[in-house]
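A short worksheet on the structure shown next.
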Amino acid sequence: MRIWSPSQPPHQAAGGVGVLVTNLGTPDAPTAPALRRYLRQFLSDHRVIDLPRWKWWPILHLFVLTTRPRRSAALYREIWTEQGSPLLLGTQRVAAALQEELARRLDGDVATTIGMRYGNPSIRRGLRQLAEQGCDRILVLPLYPHYSATSTASTYDAIFAELATWRRQPELRTIHGFHDEPGLVEALAASVREVWAEGGPPDQLLLSYHGIPRRYFDEGDPYFCLCHKTSRLLAEALELAPGRYQTTFQSLFGKEEWLKPYTDETVAALGRGGGSLDVICPGFSLDCLETLEEIDGLNRKIFAEAGGGRFRFIPCLNDRPDHLRFLADLAERHLSGWTVRSASERRTAGRASAERAQALARTS
């Protein structure tokens with residue numbers, strides 16, 4: 001295994017504070033070859049698919065990767081923008097705004113970059129970029145409100161695997177999740193109220209979260225419970241009676257039973273009853289394929305074809321000012337105790353440290 005170190009010597013690259021903002025990832029382009037690379041990495045993660053390799057590998061390589069990339073590429077083309085992937089662009093905007101806000105609050109330089117668990121820019125690239133900027137203290141902020149082994153823990157796996165190859169490892173802090181943070185709930189409630197202020201509330205509010213296999217929950221993954229807590233807190237903030245909202249799970253994969261109730265089946269049932277429906281996805285910090293295409297596209301169609309009336313998709317928090325303020329509050333709290341200095345202060349300290357090191361070398 002090759003050991004890596006930043007190009008700068010320790011006395012010239014010490015004292016920096018960085019934030020690595022992570023997300024799931026996205027293919028490089030809405031094409032079948034790009035999707036094949038992305039899905040191979042994603043579906044090879046034992047946190048995502050924990051079947052024995054002898055059982056899963058033939059299915060993945062002989063069936064999934066020979067058929068799914070073409071279908072997935074077509075879906076990605078529907079949401080792709082001229083600038084690129086909505087998820088990548090949104091993550092970049094959040095990281096840039098977070099860096100600016102933290103610098104203002106902490107009166108110093110906090111280097112902020114992004115790293116995707118799958119695809120590019122990778123977690124390896126993000127960590128090494130921060131190290132090259134002199135960050136020997138790094139806060140990891142996954143944009144997953146709800147902890148799950150399939151997402152948050154998988155991110156940590158990638159981080160620790162990368163750091164295992166470093167000569168000088170940074171001091172590290174991680175954020176486990178933020179599903180019940182008041183700032184998150186307040187931002188979600190505000191986004192709902194804004195939609196309701198324009199056209200009134202719906203007959204039913206559906207809170208749809210990404211699903212995981214039911215077996216993972218049975219084996220100890222807390223994700224299901226965390227999602228329901230967010231739903232309850234949001235409903236309380238909106239003063240909704242229990243019968244006015246439901247929690248469901250989307251994005252099923254494979255034949256195994258996943259967390260229920262399923263979003264598409266619930267949407268169809270609500271559509272058959274007529275009336276209006278609003279759908280929000282509190283488990284996604286940023287809009288992506290699962291919200292833009294699956295909810296606002298596919299499930300909108302399911303609702304209409306079943307006989308439903310008005311259907312509104314409430315966008316994710318994305319780069320809303322209240323969402324960015326909350327993330328800055330969260331990061332600032334987790335950065336507590338780490339001294340943040342300006343770039344000029346660090347350069348001055350680095351020169352003094354280098355002079356001492358040179359003097360020591362001459363006398364040794």
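Under a 5 Å amide H cut-off, with hydrogens placed 1.01 Å from N, PHE311 pairs with LEU277 among residues at least 5 apart or on other chains. Our estimate of slack between ARG71 and ARG320, defined as 0.36 nm per intervening residue step minus the Cα-Cα distance, is 86.5 nm. Pairs of alpha-carbon atoms within less than 8 angstrom and 6+ residues apart define the contacts here; what relative contact order does the range 182-314 have, in percent? The value is 31 percent. All Cα-Cα distances of the range 182-314, cut into 10 Å bins from zero to the largest, leave 12, 44, 36, 7, 0 percent in each bin in turn.
For the chain, list log₁₀ I(q)/I(0) at each q in 0.06, 0.12 Å⁻¹, using the Debye formula over Cα point scatterers of equal strength and ignoring solvent, two decimals each. Values returned for q = 0.06, 0.12 Å⁻¹ are -0.26, -0.95. Between rounded, prolate and oblate, where does the range 133-184 land on the alpha carbon gyration tensor, with a ≥ b ≥ c its root eigenvalues, rounded for a/c under 1.5, else prolate if a/b exceeds b/c? Judged from the Cα gyration tensor, the range 133-184 comes out oblate (a/c at least 1.5, b/c at or above a/b).
When the chain is described by a simple charge dipole with +1 on each Lys and Arg Cβ and -1 on each Asp and Glu Cβ, the residue from GLY309, LEU143, PRO121 located farthest towards its positive end is PRO121. Neighbour counting of Cβ atoms within 10 Å sorts the residues THR81, THR266, THR165, THR291, fewest neighbours leading, into THR81, THR165, THR266, THR291.
Dividing the mean sequence gap of close Cα pairs (under 8 Å, 6+ apart) by how many residues the chain holds gives a relative contact order of 23 percent. Potential lengthening of the chain between LEU298 and ARG215 amounts to 27.2 nm, from the contour at 0.36 nm per residue minus the alpha-carbon distance. Between TRP196 and GLN83, the C-beta separation translates, for a Förster distance of 35 Å, into a calculated FRET efficiency of about 0.70.
Annotation for HIS46 and ARG124: the two label points, set 7 Å from Cα along the Cα-Cβ direction, are 1.9 nm apart. Segment THR165..ARG2, full-extension length gain: 58.0 nm, with 0.36 nm per residue of separation and the alpha-carbon distance subtracted. At a temperature of 4 °C and a viscosity of 1.567 mPa s, determine how fast the range 16-102 diffuses translationally according to Stokes-Einstein, using the Kirkwood radius over alpha-carbon pairs as Rh; express D in µm²/s, rounded to the nearest whole number. For these conditions, the coefficient is 87 µm²/s.
Sorting LYS301, LYS255, LYS55 from the fewest to the most surrounding beta carbons within 10 angstrom yields LYS255, LYS55, LYS301.
No value in this document is a laboratory result; all are computed from the given coordinates. Computed from a predicted structure; not experimentally measured. In this analysis, Cβ positions are derived from the backbone assuming ideal geometry, glycine residues included, and neighbour counts consider all displayed protein chains.
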